[in-house]
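The structure appears below as structure tokens.
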Amino acid sequence: MQQSAEVRDAMLRFYNRLSASDVASFDQLVSQDPATLVIGTAPGEWVTERDQMRFGFETEGVRIQAGDPAGYEEGSMGWVVDQPMFFFPDGSAMKTRLTAVLHREDGTWKLVHMHVSVGVPDDEVVELQKRWSSAS
């Protein structure tokens with residue numbers, strides 16, 4: 001394993017293009033492999049459909065501001081860890097933790113997996129999950 005500026009830069013391009021609502025760049029940044037998966041912070045946010053993944057690119061006002069991403073690679077696989085801020089159209093923001101896996105396809109690093117979470121103390125998570133499960 002080695003640190004990789006290329007993988008880090010690929011993730012920064014993903015952030016920048018999503019933040020610019022550049023829908024045309026989606027296929028250049030996200031793998032078309034059927035195993036591609038995005039896991040978000042909301043309960044049930046387990047996204048395997050490309051149209052749903054593309055939603056962030058299509059939504060005006062959604063932005064991602066990098067924290068201090070670190071990229072790594074081994075062969076054709078790369079991964080990134082970061083603590084970016086997500087900004088939403090209503091002006092709200094959310095500090096997150098992100099891990100992403102990228103795969104080199106035809107010389108280009110493409111996202112195949114992203115998992116975004118929010119740090120919440122364990123005792124609060126238990127209560128929140130109880131509330132969420134009773135609401136459904």
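The values are calculated or read from the model by the stated rules, or taken from the named source; none is laboratory data. Fair warning: this is a prediction, and the values are worked out from it, not measured in the lab. Because the Cβ atoms are built from the backbone with ideal geometry, glycine has one as well, and the counts that use them run over all protein chains shown. Only protein heavy atoms, including side chains, enter the accessible area calculation; ligands, DNA and RNA are left aside. Shrake-Rupley method; radii C 1.70, N 1.55, O 1.52, S 1.80 Å.
Tabulated data
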{"item": "Extreme residue, nearest to residue 83 (Cα to Cα), among residues of the range 102-136 that are charged (D, E, K, R) and open to solvent by 50 Å² or more (accessible area, probe 1.4 Å)", "result": "122"}
{"item": "Residue 32 being more than 19 Å from residue 104 (Cα to Cα) and surrounded by fewer than 16 Cβ atoms within 10 Å (Cβ to Cβ)", "result": "no"}
{"item": "Subset of the range 84-121 [without any contact (Cβ under 8 Å) to a residue 60 or more places away in the chain and in contact with an Asp or Glu (Cβ under 9 Å, 6 or more places away or on another chain)]", "result": "89, 96, 97, 98, 99, 104"}
{"item": "Within the range 70-108, tally of residues that are more than 12 Å from the chain's Cα centre (by Cα) and assigned to a loop (DSSP other than H, G, I, E, B)", "result": "9"}
{"item": "Residue among 126, 101, 118, 80 that alone is in contact with a Phe, Trp or Tyr (Cβ under 6 Å, 6 or more places away or on another chain) and of a type in the set (Val, Ile, Thr)", "result": "101"}
{"item": "Selection count where residues are exposed (fewer than 14 other Cβ atoms within 10 Å of the Cβ), touching a residue at least 12 places away in the same chain (Cβ under 8 Å) and either of a type in the set (A, V, I, L, M, F, W, C) or in a loop (DSSP other than H, G, I, E, B) (or both), scope the range 35-58", "result": "3"}
{"item": "Exclusive hit being under 15 Å from the mean Cα position of the chain (by Cα) and either under 23 Å from residue 8 (Cα atoms) or in a loop (DSSP other than H, G, I, E, B) (or both), set 67, 61", "result": "67"}
{"item": "Residues within the range 49-69 that are closer than 15 Å to residue 111 by Cα and at pLDDT 95 or above, tallied", "result": "1"}
{"item": "Every residue from the range 15-34 that is under 15 Å from residue 58 (Cβ atoms) and in a helix (DSSP H, G or I)", "result": "17, 18, 19, 23, 24, 25, 26, 27, 29"}
{"item": "Members of the range 70-93 that are in contact with a helix residue (DSSP H, G or I) (Cβ under 9 Å, 6 or more places away or on another chain), open to solvent by 50 Å² or more (accessible area, probe 1.4 Å) and within 22 Å of residue 57 (Cβ to Cβ)", "result": "79"}
